[in-house]
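Inspection log for the structure reproduced underneath, given as structure tokens.
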Amino acid sequence: MLVFGHDKAVAEWVMDRIPDGSVAPDTTAIGVADGDKLIAGVAYTDHTEGDVRMAVAAETGSRWLSKANLEVFFGHVFYPPPMGMGKRRATVVVHQRNKKARAFDERLGFNMEGKHPKAFPRDDAISYGMLAENCRWVKQDVIRKR
């Protein structure tokens with residue numbers, strides 16, 4: 001079950017599971033619950049006119065990832081208002097040594113864009129980006145209507 005309207009609680013849950021994660025004042029979030037327990041979430045932060053930064057966390061072994069959920073998570077970024085935020089791109093930033101997160105982002109369709117030395121206290125950062133027109137999880141005809 002998807003969880004809407006509890007941005008702060010879901011964002012805190014996500015960021016508690018990400019090293020060096022923090023909840024910015026502009027953070028919004030969508031959660032996935034199994035009963036009354038959160039098992040995954042996506043936090044959206046660092047909003048600009050065309051971009052938003054995404055952070056994802058999930059309980060190990062949980063079954064939350066589906067095409068329908070991915071359409072909701074990416075639709076929230078790329079679909080025009082009132083369905084979504086109407087952004088042109090999404091960004092993720094991960095620890096260089098977090099190979100699981102990097103592989104996950106690449107499987108979702110993010111492209112590596114840069115390395116940021118010493119961006120984290122004990123690690124470099126790798127940034128990934130995805131353009132709306134390259135997102136396979138959303139209906140492209142809806143995006144083109146913007």
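The values are calculated or read from the model by the stated rules, or taken from the named source; none is laboratory data. The structure displayed is predicted, hence computed values, not measured ones. Heads up, the Cβs are rebuilt from the backbone with ideal geometry, glycines too, and the neighbour counts pull from every protein chain shown. For accessibility, only protein heavy atoms count, side chains too; no ligands or nucleic acids. Shrake-Rupley method; radii C 1.70, N 1.55, O 1.52, S 1.80 Å.
Among the residues of the range 73-90, the ones that are open to solvent by 10 Å² or more (accessible area, probe 1.4 Å) and in contact with a strand residue (DSSP E or B) (Cβ under 6 Å, 6 or more places away or on another chain) come to 2 in all.
Yes/no matrix, rows are residues, columns are (1) among the charged types (D, E, K, R); (2) over 17 Å from the mean Cα position of the chain (by Cα); (3) in a strand (DSSP E or B):
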site: V92; (1), (2), (3): no, no, yes
site: A101; (1), (2), (3): no, no, no
site: F104; (1), (2), (3): no, no, no
site: R107; (1), (2), (3): yes, no, no
site: K118; (1), (2), (3): yes, yes, yes
site: Y128; (1), (2), (3): no, no, yes
site: R136; (1), (2), (3): yes, no, no
site: I143; (1), (2), (3): no, yes, no
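The single residue among R102, R107, R144 that is among the basic types (K, R) and at pLDDT below 95 turns out to be R144. Per the conditions (1) touching a helix residue (DSSP H, G or I) at 6+ places or on another chain (Cβ under 9 Å); (2) part of a strand (DSSP E or B), the sole criterion not satisfied by A33 is (1). Taking the range 91-118 as the range and being open to solvent by less than 70 Å² (accessible area, probe 1.4 Å), touching a Ser or Thr at 6+ places or on another chain (Cβ under 9 Å) and aliphatic (A, V, I, L, M) as the test, the residues that pass are V92, V93, V94. Taken as a whole, the condition of being of a type in the set (V, I, T), in a loop (DSSP other than H, G, I, E, B) and open to solvent by less than 80 Å² (accessible area, probe 1.4 Å) does not apply to T60.
Beta carbons closer than 7 Å, at least 6 apart along the sequence or on distinct chains, pair a first residue in the range 24-53 that is at positive phi with a second that is open to solvent by 40 Å² or more (accessible area, probe 1.4 Å) for D46/R53. Only residues that are under 21 Å from N111 (Cβ atoms) and open to solvent by less than 30 Å² (accessible area, probe 1.4 Å): list them for the range 17-42, please. Hit for the range 17-42 is V42, nothing else.
Residues in the range 80-90 that are in a strand (DSSP E or B) and either hydrophobic (A, V, I, L, M, F, W, C) or touching a Cys at 6+ places or on another chain (Cβ under 9 Å) (or both): A90 only.
No other residue among V14, V3 is touching a helix residue (DSSP H, G or I) at 6+ places or on another chain (Cβ under 9 Å) and either modelled with pLDDT under 95 or buried (at least 16 other Cβ atoms within 10 Å of the Cβ) (or both) apart from V3.
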